[in-house]
Each structure stands twice: as structure tokens, then as C-alpha cells.
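**Student:** The structure that follows is given in the form of C-alpha cells.
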Amino acid sequence: MRARILVVDDSPATLEVVGRILREQGHTVETAADVPTAVRRLEGLPLDLVITDFRMPGPDGLDLIRHVRENLPATAVVMLTGFPSIEGAVEAVKGGAEAYLTKPFTQNELIDAVDGVLQTILNRRAQESGSGLPLPLLGRSDAARALRLAVDGAAQSLGPVLLEEKLGSGAPAVARAIHDAGVRRGRAFEIIDCDLLGDEGAIELFGGAERGSGAVERAEGGAVVLLNPCALDETAQLHLLRLLQEKRCVPVEPGRPRPLDVRVMAITRRDLARLTALGHFRRDLLERLTAIKISVPLLSDRKEDIVDLVRAIAASEAALHGQSPPAFSDRALEALTQTTWHGGLAELAGVVRMTVSRLHGATIHMSDLPPRLRFQVPTGGDEVPTLRDLEATHIRAVLDGVGGNKTEAARILGIDRKTLRAKLGVK
């Protein structure tokens, strides 16, 4: 998995070395020398992973982890530190880091840590799409039903598809659903982020005499999905147009065109019609790409689907941990449905997955949710926390304080381990 990674460290040497190693592995790497700079970078970049130093002047790595967990729950975190301690590792993991690496570390240790975290991300995606409907298609709302009908219609065609989406709405999963429901199911399915293509993006896509075949040819007989096609330069746009018109791949450098049977889908968050009017995107290419156009609905347009989505995400995450799907208290569900999810479905999924991965019992209560969600449900009048909620909050605080050690938590609480397990709903 080629990932977008932000490395945060006040040491220029560490930034240089870690950045070089990760770029050699094919990742796209941004760097920041302090937490405020990192936060600004995070505001404008969709990232898979943040690697941050522990101790830095001003806000430290734990502050950054908390910011990522509260605002970008789908982004993973690896903590680096030159001050190893069990307490530090526990604090980092409790804060939300997926891995903890002590300086000095070897190149292989860094690669292994990053690969492990990225594999966890891939496992989640595979689990999510392994059975049943993809998340964007789940739900009983009119918007969800309309999307399923659009996917069914597109699956019956072999022509290009343009998916319009907003941040976090899950368009790649919709593209996969179209592919899996069509006659090309089981064949190649390539997703290419055009923003990640370098200055020779056209050659990377369509190949050349010296470079050989391009990425598009690897999808022979299947489908290729282009994320952010507006990032393609004029040369790449021209070659894409020729592919759609002539069903041939024309190399960028001198070479012989050859027939290519591939379905093209594109995903855009920008208004391609407006970019066309401004002269930044070819009109004839836009006309070809919009043979079928599907708008993926925002989560805010299908809020009645949130309960179904939450339960499906929780069941998927629990399965990864070998557990049964958790139950949800009424207040927890109410908080999840009343939250404004600016990051869309991706943000909702990140919060639910993180909550399930840290769950000590069989039921998710209000106290298990991130702090910012606990204020979504009024606490006045009849909505005051129940005694059970308060007890659960206290038990979980004690458990977190001892790193999840149930024996030690039971000793502190003055109860036996069996009683603790019963209060947590664990059999």
C-alpha cells in the first residue's frame, strides 16, 4: 500500500532520514518540525499515517495524537521517542497511537512498523468490503436506495462512470461495487490517485518506449479508477481521451499503440464543469467521462442511516478482534446520530472502529465515546446520566489507568474479577 504520510519531528536529521526511507518505499511524505505546523498540514491533506516524535518544544506528540484522534479518526499514528519507558508506551497507545518506536531505530524497524500499521488499515478495508453491501450503499433512506439503483444501472454498462463525492463519502467503495456487480467482476481493479503522480504522470499512466507499460495497462480486461482526474496535465488528459475514444493505449514516448480493453471510472471532489469553463480540463474528455454520472450522497443527507451504518462498522471491527458485535446503549446511539460528521462516512467509521477496538465490555455506553461526542445529548431534566453510566465511566477510567489489566482494576475497585467482568458485560 502506497500511503500519504506526515512525519513530525524537531530534528532536521530525523525528518531527512525517515522521509528518505519512506519515499524509497514508494510513499508520499510531508514533514513538519513542530505540532502547530503539523496541524496546519493536516487541515489540507488527506493522510493515511502520521509519524510523530514524543517530546518537542511547545505542544508535544501526545497533543498531536489527541488532535488526530478527535479530528481525523481514519488517520493512523506511529509515535517515535528517544526516551523509552513502559509508561510512555502505555500513554501513547492509550492516546490513540497504533505503534510505538524507540530511537535509535533501524531502517527495517521503521519499515516494519509502518507496514504493520498500513496492513491494519488494509485489513479493515478488506473486512468492510468482504461481505454484504459496501458501507456507502447501506441504509434505508431515499438517498441510499437511489445510490443502489444507480450502482445497479452502472454495473449493466461497460462505459465510463464519473462519481461526484464530498470528503469521506466513500466513492471508491461505490466504484468497487459497480465493478463487482458487472461482467468484469473478478478481474483487475486498479485505483490510481492522480494527485500522487509526478511530473511524468502521463508516462506513469500510459507508458513509453523506455518505461514499458503504464499503470492503465495493468488493468487490462478490468477497470481503472482515477481519483482526482483534474490533477492530470494536458498530455495525460489527451492520452486518456484517446483511450476512451479509440479503445487503444497510446504510449507517451514513441511506441506502438495497442488495443486495450479497460473500463474507466473517475472520482472527483471538484466541479469538473467549472474547471472546463475555466480552461483547466478538456471539454471533450469531460463529455466522455460523464456517460454515466453518479453523485454519492453526503452523510448529512442520509442521517436516518447512521444507526445501521454504526452497527455494520462495529460488527466489522469486532470481527477483526475475534469478538462478537457489541451492543449500543440508547444514549450512545443518540450521540452518534446527533453529531455533525464533517468528515462524512469516513469520520463516522473511524470513531466507531476506534471505540470498538478499545472496548472492555460487550456494550458501548456514552462513556466509551470520544469526549466531544458526549455533549451531543442533553444532560438536563430526564437526560441525567444513570447510575449505571456513572459506574461504567468510573470502571473504564480505572481500567484505562492500569492499561486494561482487569485483575489490578478489580483490586483498586474493591471487587473480585468475576464481578468486574459481569459489570463490563463480559461472559
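**Student:** How about residue 418: which aspartates and glutamates have a C-alpha closer than 14 Å to its C-alpha, ignoring those fewer than 8 places off in the same chain?
**Tutor:** Hits, sequence-local ones excluded: 408.
**Student:** Find the Cα radius of gyration of the stretch 128-286, compare it with 2.2 N^0.38 Å by division, and give the number to two decimals.
**Tutor:** Scaled against compact globular proteins, the figure is 1.06.
**Student:** Against the empirical 2.2 N^0.38 Å scaling, what ratio does the C-alpha Rg of the stretch 1-58 come to?
**Tutor:** On the way: Rg = 10.8 Å, N = 58, 2.2 N^0.38 = 10.3 Å.
Taking the Cα Rg and dividing by 2.2 N^0.38 Å, one obtains 1.05.
**Student:** Note the per residue figure in Å³ for the convex hull of the C-alpha positions in the chain.
**Tutor:** So the per-residue Cα hull volume is 166 Å³.
**Student:** At q = 0.17 Å⁻¹, what is the log10 ratio I(q)/I(0) for the stretch 176-229, with the Debye formula run over Cα points and no solvent?
**Tutor:** Summing over Cα pairs of the stretch 176-229 leads to -0.56.
**Student:** Relative to the Cα centre, what is the charge dipole magnitude of the chain, using +1 at the beta carbon of each Lys and Arg, -1 at the beta carbon of each Asp and Glu, and rounding to the nearest 20 debye?
**Tutor:** That gives the chain a dipole magnitude of about 1200 debye.
**Student:** Sticking with this one: Among 325, 257, 297, which one shows the highest mean-square fluctuation when the chain is modelled as a Gaussian network with alpha-carbon springs under 10 Å?
**Tutor:** 257
**Student:** To the nearest 500 deg cm²/dmol, what mean residue ellipticity at 222 nm is calculated for the chain from DSSP H runs of n ≥ 4 alone, each contributing -39,500 (n - 2.57), summed and divided by the residues?
**Tutor:** Result for the chain: -14000 deg cm²/dmol, rounded to the nearest 500.
**Student:** Right, something else. Determine the alpha carbon to alpha carbon distance for each of 247/293; 166/247; 166/303 and list only those over 23 Å.
**Tutor:** From the list (247/293; 166/247; 166/303), the Cα-Cα distance tops 23 Å for 166/247.
**Student:** Of the beta bridges DSSP finds with both residues in the stretch 200-296, what % are antiparallel, to the nearest 5? Walk me through the intermediate numbers first.
**Tutor:** Numbers: 3 of 8 bridges.
Around 40 percent antiparallel, to the nearest 5.
Every number here is computed from the coordinates shown, using simple stated rules; none is lab data. Keep in mind that what you see is a predicted model, and the values were worked out from it rather than measured. Here the Cβ is made from the backbone with ideal geometry for all residues, glycine too, and neighbour counts use every protein chain on show.
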